[in-house]
Amino acid sequence: MSRQVFLYDPPERFVAGTVGLPGRRTFFLQASAAGRVTSVALEKTQVAALAERIDELLDEVVRRTGGNAPVPAVAPADITDTAPLDVPVEEEFRVGTMALAWDGEEQRMIVEAQALVELEAETDEDLAEAEERMLQDEENGPPMLRVRLTGAQARAFAKRALDVVNAGRPPCPLCSLPLDPEGHVCPRQNGYRRGA
């Protein structure tokens, strides 16, 4: 089966968003251009890590080019996207592996999200070999979303992604775990509750 690559170069829109209520949200990356929309599901921690790494990579690009790269220091207000995900949100695949790169010639950030794949192996060496074969197989690998962004688009994506991650349930002041609307059993209280 040949690999399906959802390529957006450039996207009209590339955002992180959620479906569902806090505590039960499903996170998505969504790219759109020319009337087509691709949505891939991923974990909250993956969204946070992607946003943080994009900001770090852009900061490194600015540092290495002495400020000559077309990368803003912060997300430009004129391209801020706070709109919800385009509907219907139809999951193409669940993300397993993500990769980032900076194309110095084109001055573009490349974001790749590859589908989660279950690999079976007898030993750790067999598993490592199977992973390497899968990553190197451009023709028959798992589905992939590949997006090429300008520096400004990448900053705007990272800012929105962090905002989406932080918009969930508030943390408990004692243990930092999320507070549920139904109540919260705090491990720091060890079952003890003080009277009012």
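Overview of results
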{"item": "The stretch 1-115, accessible surface, carbon-and-sulfur percent (1.4 angstrom probe)", "result": "50 percent"}
{"item": "Anisotropy class of the stretch 33-149 from Cα gyration tensor, a/c 1.5 cut", "result": "oblate"}
{"item": "Solvent-accessible area per residue for the chain (1.4 angstrom probe, square angstrom)", "result": "62 Å²"}
{"item": "Lys, Arg +1 and Asp, Glu -1 on Cβ, resulting dipole of the stretch 10-108 about Cα centre, debye, nearest 20", "result": "280 debye"}
{"item": "Note, ³J(HN,Hα) from phi for the stretch 19-24, Karplus 6.51, -1.76, 1.60, rounded to Hz, x at Gly and Pro", "result": "10, x, 8, x, x, 9"}
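The values are calculated or read from the model by the stated rules, or taken from the named source; none is laboratory data. Predicted model, so just to flag it, every value in this text is computed and none were measured. Every residue, glycine as well, gets a Cβ built from its backbone with ideal geometry; the counts of neighbours run over all protein chains shown. The protein model used for the area step is the full one, side chains on, heavy atoms only, and it has no ligands, DNA or RNA in it. Shrake-Rupley method; radii C 1.70, N 1.55, O 1.52, S 1.80 Å.
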